[in-house]
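Nothing in this text is a laboratory measurement; each read-out follows from the coordinates by a stated rule. The model shown is predicted, which means the values in this text are computed figures rather than measured ones. Every residue, glycine among them, receives a Cβ derived from its backbone with ideal geometry; neighbour counts consider all protein chains shown.
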Amino acid sequence: MSEEELKIPVHVAIILDGNGRWAKKRGLPRNMGHAEGCKVVERTVEDAARLGIRYLTVYGFSTENWKRSEDEVGALMQLFRYYMKRLLGIAKKNNVRVKMIGERSRFARDIIEGIGRLEDETAQNTGLTFVIAVNYGSRDEIVRAARKMLADAGAGRLTAEQLDEQAFSDYLDTAGIPDPDLLIRTSGEQRLSNYLLWQLAYTEFYFTDVLWPDFNKDELIRAIEKYNKRDRRFGGVK
Ligand code: IPE
Ligand code: IPE
Ligand code: MG
């Protein structure tokens, strides 16, 4: 299938995985795998924008990833600081709007400010929306949403009758973003690791053994080609 013939999914979600194994295979420290992985995220944002994908959501750091060694968490935070700055340039060049999901208050103050700046300065861009999930966990997101609903109910702003699936979605970090059409997970693992549990209800899954630092545009197109051959049903019949 040529690139022109591909039906491009509106929203692609990615669980990037395998940075550590990529580094280990080369006798390098895990952090080198993360550094390489960040470069691949950058390139994937540009590839997705050029392919006409409207939303790209990437899992960068989970609520569970704090359990990693202090050294690894520290290195990830440093990479985050560096790439946030670079991302601003890339977003401006490619008309990309950046949005972060997850619970950001646990990050250092400069990172929180950096996130705010990235979102504010790219808010008017009209091309790809690049969503980064950091300190993100789906259960945490749902519990935070439930707390907000309870607070609104207590204040008389929400009744049980008003709470339907749409209203519930609007309390999630992903409010206003359509559900993913395609989920890609690299490195051969076939689990969700607490990612977008509500939003992936009818998403097509694509698993590949490729380690994230080896992911590229050809791999992205391969995933989209596979997606093109799927028979999406949403519970109905064809
Ligand atoms: C994904 O790569 C990046 C993050 C979760 C931050 P991993 O660090 O999980 O790499 P593996 O799974 O150990 O190979
Ligand atoms: C999921 O990858 C989280 C991110 C990609 C940020 P992990 O490597 O942390 O997931 P598990 O531990 O293998 O499930
Ligand atoms: Mg992993």
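Once C-alpha pairs closer than 8 Å and six or more residues apart are averaged by separation and normalised to the residue number of the stretch 70-139, the relative contact order reads 41 percent. With θ taken as phi - 60° and the Karplus curve 6.51 cos²θ - 1.76 cosθ + 1.60 applied, the whole-hertz 3J(HN,Hα) list for the stretch 162-171 is 6, 7, 10, 4, 5, 5, 4, 4, 5, 8 Hz, x standing for glycine and proline.
Whole-Hz Karplus values for the stretch 202-209 come out as 10, 6, 7, 9, 10, 10, 9, 6 Hz, taken residue by residue from phi with 6.51 cos²θ - 1.76 cosθ + 1.60 and θ = phi - 60°; glycine and proline positions read x. Normalising the average separation of contacting C-alpha pairs (under 8 angstrom, six or more residues apart) by the number of residues puts the relative contact order of the stretch 1-78 at 39 percent.
Once backbone amide H atoms are built at 1.01 Å from N, V131 has L56, T57, V58, K99 as its partners under 5 Å, excluding neighbours fewer than 5 places away on the same chain. Neighbours of R191, meaning other residues whose beta-carbon lies under 11 angstrom from its beta-carbon, give a summed charge of -1 when Lys and Arg score +1 and Asp and Glu score -1. Short-range pairs are left out: with C-alpha atoms under 8 Å and at least six residues apart, the relative contact order of the chain is 28 percent.
Per residue of the chain, what 222 nm ellipticity follows from adding -39500 (n - 2.57) for every DSSP H run with n ≥ 4, rounded to the nearest 500? Result for the chain, helices only: -14000 deg cm²/dmol.
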